[in-house]
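The values are calculated or read from the model by the stated rules, or taken from the named source; none is laboratory data. Since the structure is predicted, the reported quantities are computational estimates derived from the model, not experimental observations. Here the Cβ positions follow ideal geometry from the backbone for every residue, glycine too, while neighbour counts run over all protein chains shown.
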Amino acid sequence: MSDRKVGRSIVMRYNDLVQLFNWAKVRQPYRKLLVEGNPMDLVEIKNILPNDFDPNSVRSRILYPNDIRELRDIFVNMQATYNATDIGKKYGVPRPIKIENQLALWICLATMCRIGELLMTKWSDVDLVDGVWFVPKSNVKGQKGAKMSQTVALSVFALRQFKELHALTGGTPYCFPNTKKNNHVNLKSISKIIGDCQFMFKNQKTPLKGRRNDNSLVMNGGKDGNWTPHDLRRTGSTMLQAMGLDENMIDRCQNHKIDEPKTRAHYMHFKYRLPKQKTWERLGLEIENILLSNGPDWQDQY
């Protein structure tokens, strides 16, 4: 991993191993195996991280309006090119990104959800009539005590994406079913696809077999680096912040744990459903406006 210079993965694996061996030290029969010492005591994280990796850095990539329009155009052009290619010549022509995956990305942007939570969604948790998506606590990322279910009021834009998705997968229990239709897709599937289509940013020298290895989803010529599905979550919240919306409400729409005094948690149980609904609706309208216009970028506001 160090040779591949995947700093973030090194930190995660290092922390996992430290936790594993600390757990083993205080439990039988595992601690008998550690009588000579904890092997992780001999490993210093600073010695295995790439020289240019800052473990305290925070990812800040967002998609600006020009990027959002470019992403839309990339999807459209992919499909048009593939459709226009003769059947006998389609071999070697990259297939378009699946419509289901495209819709997942637009939903991520419009709701600021986590991609994994979306991919686990069942159709029984989506109300296409009232425009509501329920995210159960079991699907939410985070520590057990910090997990909270979330009821997402779908904007007109987000609801349209779900309805298009329902036309494709509505006959299965899951919004994003696997090939056997008996479970959801792998939670890393879309992230891997997005990464495979930005090969220029990968550290590996040789393409992975059986995977797509091109730069078809690189935006703005790669000047701003690669992007991930999680960056869409950051993009949505930044757009709302730029519009002057309440940052506390943005946090609630993202289902972040709000640090509040215990007395508030004990006595105040307002769910903020209407304020959150208005916040999501503003985000949906802003995305619609971006896709319908060729106006100036708001990058200079930062």
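Considering each residue of the range 244-265, count those that are basic (Lys, Arg) and under 23 Å from the mean Cα position of the chain (by Cα), and give that number. Steps first, answer last, please.
Start the filter on the range 244-265 by keeping residues that are basic (Lys, Arg), which leaves 252, 257, 262, 264.
The next check asks that each one be under 23 Å from the mean Cα position of the chain (by Cα); those that pass are 252, 257.
The total comes to 2.
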message: Looking only at the range 6-58, how many residues end up being surrounded by 12 or more Cβ atoms within 10 Å (Cβ to Cβ) and either among the β-branched types (Val, Ile, Thr) or in contact with a Pro (Cβ under 6 Å, 6 or more places away or on another chain) (or both)?
response: 8
query: Hey, residue 65 hits all of (1) at pLDDT 85 or above; (2) under 30 Å from residue 205 (Cα atoms) but one; which does it fall short on?
result: (2)
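In this structure, does residue 26 turn out to be out of contact with any Cys (no Cβ under 9 Å at 6 or more places or on another chain) and either touching a residue at least 60 places away in the same chain (Cβ under 8 Å) or more than 30 Å from residue 202 (Cβ to Cβ) (or both)?
Values: out of contact with any Cys (no Cβ under 9 Å at 6 or more places or on another chain): yes; either touching a residue at least 60 places away in the same chain (Cβ under 8 Å) or more than 30 Å from residue 202 (Cβ to Cβ) (or both): yes.
It is true that residue 26 is out of contact with any Cys (no Cβ under 9 Å at 6 or more places or on another chain) and either touching a residue at least 60 places away in the same chain (Cβ under 8 Å) or more than 30 Å from residue 202 (Cβ to Cβ) (or both).
Here is a yes/no grid of residues against (1) free of Cβ contacts under 8 Å to residues at least 24 places away in the same chain; (2) touching a Cys at 6+ places or on another chain (Cβ under 8 Å); (3) within 24 Å of residue 156 (Cβ to Cβ); (4) not polar (S, T, N, Q):
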| position | (1), (2), (3), (4) |
| --- | --- |
| 66 | no, no, yes, no |
| 69 | no, no, yes, yes |
| 85 | yes, no, no, no |
| 99 | no, no, yes, yes |
| 105 | no, no, yes, yes |
| 123 | no, yes, yes, yes |
| 126 | no, yes, yes, yes |
| 129 | yes, no, yes, yes |
| 134 | yes, no, yes, yes |
task: Mind counting the residues in the range 173-185 that are outside any strand (DSSP E or B) and either in contact with an Asp or Glu (Cβ under 6 Å, 6 or more places away or on another chain) or in contact (Cβ under 8 Å) with a residue 24 or more places away in the chain (or both)?
output: 4
Which numbered condition residue 103 misses (of (1) modelled with pLDDT of 95 or more; (2) outside the structural domain of residue 183 (by TED's automatic domain parsing)): (2)
message: For the range 86-98, check the following and say yes or no: at least one residue is in contact with a Lys or Arg (Cβ under 8 Å, 6 or more places away or on another chain) and loosely packed, with under 12 Cβ neighbours inside 10 Å.
response: no
